[in-house]
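Working notes, structure below.
No value in this document is a laboratory result; all are computed from the given coordinates. Worth saying up front: this structure is predicted, and the values here are computed from it rather than measured. Note that we place each Cβ from the backbone using ideal geometry, even for glycine, and neighbour counts take in every protein chain shown.
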Amino acid sequence: MTTQPLRPRAAALIFNDQHQILLMLRRKNGKHYATLPGGGIEEGETPAEACAREVLEEVNLTVNVGQQVLEMDNLQSHEHYFLCEVTGGEMRLGDGPEGIRQSEGNHYEPQWVDVARLAEVNLVPEVLRGLVHDLAHKMS
């Protein structure tokens, strides 16, 4: 049995000045959860370049990609997480694949979530919950 190589992904941690983080709320196959904006790294892209592209595609925001704050293997992916700062755009579901694939059974909704209420959100992977709290407190 051969194992598949891990798929490279990049994601953004984006905070606003109201102590909120930008999450993508998801409904897929009857499950409700939240993720950070991000996605697959395309051939020839750096993880940081992929992060910026994915944020634009998913939530219509341009960002400065800052420090990588986490790198980990998760399920079938090797993931890079970056702290990002918004430089332009208006937050909404972007024009990328998420907007195109939007359906009742596969729903995407970008939303600012108060860090103090993060326990109410099924954020995956779970390790991100502690990272978000730590970064939010360092930034305040």
Quick one: how many residues across the stretch 61-99 are polar (S, T, N, Q) and touching a helix residue (DSSP H, G or I) at 6+ places or on another chain (Cβ under 9 Å)? 4
Number of the condition not met by residue 14 [criteria: (1) in contact (Cβ under 8 Å) with a residue 24 or more places away in the chain; (2) surrounded by 13 or more Cβ atoms within 10 Å (Cβ to Cβ); (3) not in a strand (DSSP E or B)]: (3)
Given the criterion of a type in the set (Val, Ile, Thr), under 21 Å from residue 125 (Cα atoms) and either part of a loop (DSSP other than H, G, I, E, B) or in contact (Cβ under 8 Å) with a residue 12 or more places away in the chain (or both), identify the matching residue among 86, 55, 63. 55
Please go through the stretch 112-124 and pick out each residue that is assigned to a loop (DSSP other than H, G, I, E, B) and surrounded by 15 or more Cβ atoms within 10 Å (Cβ to Cβ). 121, 124
Go through (1) surrounded by fewer than 16 Cβ atoms within 10 Å (Cβ to Cβ); (2) in contact with a Lys or Arg (Cβ under 6 Å, 6 or more places away or on another chain) one by one and return the number of the condition residue 60 breaks. (1)
